[in-house]
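*Asks:* Let me begin by handing over the structure; questions about it come next.
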Amino acid sequence: MKHIITIIALLVSTSAFAGGHIESKCYPPDGTIWEFEIYTDDTDQWDSSKSEHPPLSPKNAKDLATAFMQRVPLGDKMTGWSITTITLRRMSEEPEQWIYEAHFIAIPPGDWNGPLPWFTVPVRMDGSIPEPMIEKKTEENRSEQSVAVYDPQLVAMQSLSLASIVYSTAVGRA
């Protein structure tokens, strides 16, 4: 009888949350780590088979993410952030839950010849952006950072999956 109760409790606890979950880290060039953690819920629902348009338009998601990027520090030589893609990402299938991911790269000076810092902002369907946990890089957490080199073809290939719809904008025209 004890085993049956344990199994029922496990089933209840695992089915209580049917939403999606994502953790993402970004490394602006100021020596910090910005970590976003999202658990989707009812506010992120959109039934794409019944409604042609998501609850939040790509333009509104872009505007919200662009405003958020004013908080993100740039490197010494960079002149600003430019949006490159807005991806509509499915987080859960039943029920359908979605978020946007707005990808930005730093705008370099004219004589720049190196990798570009990048940053991805998650935007929920209610227009909110989760508050990131921000910490200083240390020797312990420095090893988990990979060098980010922006390659538009690679970004496009990674974004084209069955579970996401990609809205792309040209660099500088956002």
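The values are calculated or read from the model by the stated rules, or taken from the named source; none is laboratory data. Note that the structure is predicted; figures quoted are calculated from it, not measured. Here the Cβ positions follow ideal geometry from the backbone for every residue, glycine too, while neighbour counts run over all protein chains shown.
*Asks:* Which ones in the stretch 26-51 are free of Cβ contacts under 8 Å to residues at least 24 places away in the same chain and within 30 Å of Ser82 (Cβ to Cβ)?
*Replies:* Result: Tyr39, single match.
*Asks:* So, one more: For the stretch 2-50, how many residues are at pLDDT 50 or above and not in a helix (DSSP H, G or I)?
*Replies:* Selection size over the stretch 2-50: 30.
*Asks:* Out of curiosity, is Gly114 modelled with pLDDT under 95 and either farther than 16 Å from Pro29 by Cα or assigned to a loop (DSSP other than H, G, I, E, B) (or both)?
*Replies:* In short, yes.
*Asks:* Tell me which residues, restricted to the stretch 51-105, are in a loop (DSSP other than H, G, I, E, B) and under 24 Å from Thr32 (Cα atoms).
*Replies:* Val72, Pro73, Leu74, Gly75, Asp76, Lys77, Met78, Thr79, listed by residue number.
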